[in-house]
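Report on the structure given below.
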Amino acid sequence: MHADNNRKGRIVHEWDFAATLADMELLMLGLWNTLQVFVLALVFGIPLGLGLALGRMSRIPVLSQVCLFLIEFFRTTPPLVQLFWFFFALPILISAQMTPFVASVLTFSIQSSAFFAEIFRGGINSIDKGQWEAARAVGLSPLNVLRDIIFPQAIRKILPPLAGQFITLIKDSAIVSLISIQELTFLATEVASTTTKVFETWIIVGAMYFVLCYSFATLFGHLEKRAMRTRR
């Protein structure tokens, strides 16, 4: 069969995952580096997103318009372009060096914050305005209203889009390989090159991304169901 296929000009691929699995430690290092960028982007991006959302909802016109511009700007420009801005252009403007890792975290913190801002704003606005008025009527400060009344209700509604943004952030982080961050896709390229097992390497990498993203989807699904039970 192998000889017949060769005579017909077909390329026969002999599947062998052993060589790729032998470099699994390298792929796990790449996954660890991917998670570092992801987690730090969340640590900075979520609070910044909440700040942008509250600023966007502010009654101060200048603050609201500035936050709106930042949200729309970073939502509508590609993350790859933003990455190049922060890595190549920003160091020139501020006359300082920018490491690839810092540029990556900065890019995804700011880029994701714009999406988090709209998720938070949508969740907060979904709460009936009468609850704001009732809370203020009993003397609660705006911060207490948000923390104790509005946000606990809004969190149930923002869980699904929040999960989607988490997964998108994990997948988009692959572009940091373009500035030599040794994350999963960067090291997968090296493994595929050295082992010559391109298909096998990318199948394993795809499975790693699937497990990671599916885990987050399952976690948020569990949290959403729990929130719905609590509501009842």
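Can you check what the net charge comes to around Glu118, using other residues whose Cβ is under 10 Å from the Cβ of Glu118 (Lys, Arg +1; Asp, Glu -1)?
Net local charge, Glu118 excluded: +2.
If contacts are Cα pairs under 8 angstrom and at least 6 residues apart, what is the relative contact order of the chain in percent?
Values: 229 pairs, mean separation 66.4, N = 232.
Contact order relative to length: 29 percent.
Quick one: check the C-alpha center-to-center distance for the stretch 49-79 versus the stretch 177-232, whole angstrom.
Each part's Cα centre sits 30 Å from the other's.
Helix 100-125 sits at what angle to the longest principal axis of the chain, using alpha carbons and giving 0 to 90 degrees rounded to 10?
40
Running Debye on the stretch 116-198 with equal point scatterers at the Cα sites and no solvent, what base-10 log of I(q)/I(0) appears at q = 0.16, 0.25 Å⁻¹?
Taken in order of the listed q values, log10 I(q)/I(0) reads -0.71, -1.10.
List the aspartates and glutamates whose Cα lies under 14 Å from the Cα of Lys171, skipping any in the same chain that are fewer than 8 positions away.
Cross-link targets: Glu183.
What net charge is computed for the residues neighbouring Ile127, neighbours being all others with C-beta under 12 Å from the C-beta of Ile127, Lys and Arg scored +1, Asp and Glu -1?
+2
If I fit a long axis through the Cα atoms of helix 151-172 and take the longest principal axis of the Cα atoms of the chain, what angle between them do I get, 0 to 90°, rounded to 10?
30
Report the charge-dipole magnitude of the chain in Debye, nearest 20, computed about the Cα centre from +1 at each Lys and Arg Cβ and -1 at each Asp and Glu Cβ.
Details: 19 positive and 15 negative charges, 235 e Å.
My answer is approximately 1120 debye.
So how do 40-48, 210-218, 173-181 stack up, highest first, on mean other-Cβ count within 10 Å?
Sorting 40-48, 210-218, 173-181 by mean packing, highest first, produces 173-181, 40-48, 210-218.
Over the alpha carbons of the stretch 23-81, what is the largest minus smallest coordinate on each principal axis, giving the biggest first in Å?
Result for the stretch 23-81: principal-axis Cα extents of 55, 22, 9 Å.
In square angstrom, what is the accessible area per residue of the chain with a 1.4 angstrom probe? Present the calculation step by step, with values, prior to reporting the outcome.
Details: 13280 Å² over 232 residues.
Result: 57 Å² of accessible area for each residue.
Take the eigenvalues of the Cα gyration tensor for the stretch 48-151, scale each by 5, and report the square roots as semi-axes in whole Å, largest first.
In descending order the semi-axes read 34, 12, 12 Å.
Return one number: the angle in degrees, 0 to 90 and rounded to the nearest 10, between the long axis of the Cα atoms of helix 198-231 and the longest principal axis of the Cα atoms of the chain.
20
Tell me what the chain gives for mean residue ellipticity at 222 nm when only DSSP H runs of n ≥ 4 count, each as -39,500 (n - 2.57), the sum divided by the residue total, rounded to 500 deg cm²/dmol. Spell out each step's value before the answer.
Working: 12 runs with 178 residues, N = 232.
Result for the chain: -25000 deg cm²/dmol, rounded to the nearest 500.
The values are calculated or read from the model by the stated rules, or taken from the named source; none is laboratory data. Fair warning: this is a prediction, and the values are worked out from it, not measured in the lab. Note that we place each Cβ from the backbone using ideal geometry, even for glycine, and neighbour counts take in every protein chain shown. Just so you know, the surface numbers come from the protein's heavy atoms only, side chains and all, with ligands and any DNA or RNA stripped out. Shrake-Rupley method; radii C 1.70, N 1.55, O 1.52, S 1.80 Å.
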